[in-house]
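The next block holds one structure in the form of structure tokens; read it before the comments.
The values are calculated or read from the model by the stated rules, or taken from the named source; none is laboratory data. Here the structure is a predicted model, which means the values were calculated and not measured. Here the Cβ positions follow ideal geometry from the backbone for every residue, glycine too, while neighbour counts run over all protein chains shown.
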Amino acid sequence: MAEFISVGSSVPSNGNTPITIDIGETPVTLAAFGISTPSGANRVLLDGTIGIRPTLLNPVVVLKVIRDNSQLIATVRQQIFVSLGEVQIVSFNGVDTNVPVGSHGYTLTAEIEGLGSDATVVGPIVYSGTSYKL
């Protein structure tokens, strides 16, 4: 049976508070949190929900989960197919396995893939993780 170790979260916007983060071809940080992991076999379960509004065409948004500012854990590509001015909610789950023992930072970034489109993150932005020992 898995043993719960630690939880981390970042909620820059729950959707009720206006937020505007323009995203382009350069990655922009949306949220980050810290979490502790035990020695031995472990997992960090990651969850995110992001509200994105297209501002030009139907952009492909790339969300990246990065551990300790260097280790890419997950990449999520989502084309935004709502009308201009509407918000599309993008949710994802990921698992980081056998993480080195200690404290780690998990960052969520967003960027636009390709030229000729644009988008804005308007919320919600909810990003969390839970650490378990197996």
Members of region 1-29 that are touching a Lys or Arg at 6+ places or on another chain (Cβ under 8 Å) and of a type in the set (Gly, Ala, Ser): Ala2
Please name all residue pairs, on different chains or six or more residues apart, with Cβ atoms under 6 Å, provided the first residue is in region 78-102 and is of a type in the set (Ser, Thr, Tyr) and the second residue is at pLDDT 95 or above. Ser91/Thr49; Thr97/Arg43
Checked against (1) within 18 Å of Val44 (Cα to Cα); (2) surrounded by 18 or more Cβ atoms within 10 Å (Cβ to Cβ); (3) in contact with a Ser or Thr (Cβ under 6 Å, 6 or more places away or on another chain), Asp96 satisfies every condition except (3)
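Quick check on this structure: which one of Ala119, Ala41 is touching a residue at least 40 places away in the same chain (Cβ under 8 Å) and either under 22 Å from Gly15 (Cα atoms) or among the aromatic types (Phe, Trp, Tyr) (or both)? Write out each step before concluding.
Working: Ala41 fails: either under 22 Å from Gly15 (Cα atoms) or among the aromatic types (Phe, Trp, Tyr) (or both).
Testing whether each residue is touching a residue at least 40 places away in the same chain (Cβ under 8 Å) and either under 22 Å from Gly15 (Cα atoms) or among the aromatic types (Phe, Trp, Tyr) (or both) leaves just Ala119.
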List the strands (runs of 3 or more DSSP E) inside region 22-73, counting only whole elements, that have at least 1 residues being of a type in the set (Ser, Thr, Tyr) and surrounded by 14 or more Cβ atoms within 10 Å (Cβ to Cβ). 28-37, 42-56
Candidate set: region 1-21, residues that are aliphatic (A, V, I, L, M), part of a loop (DSSP other than H, G, I, E, B) and more than 26 Å from Ser117 (Cβ to Cβ); chosen: the one modelled with the highest pLDDT: Ala2
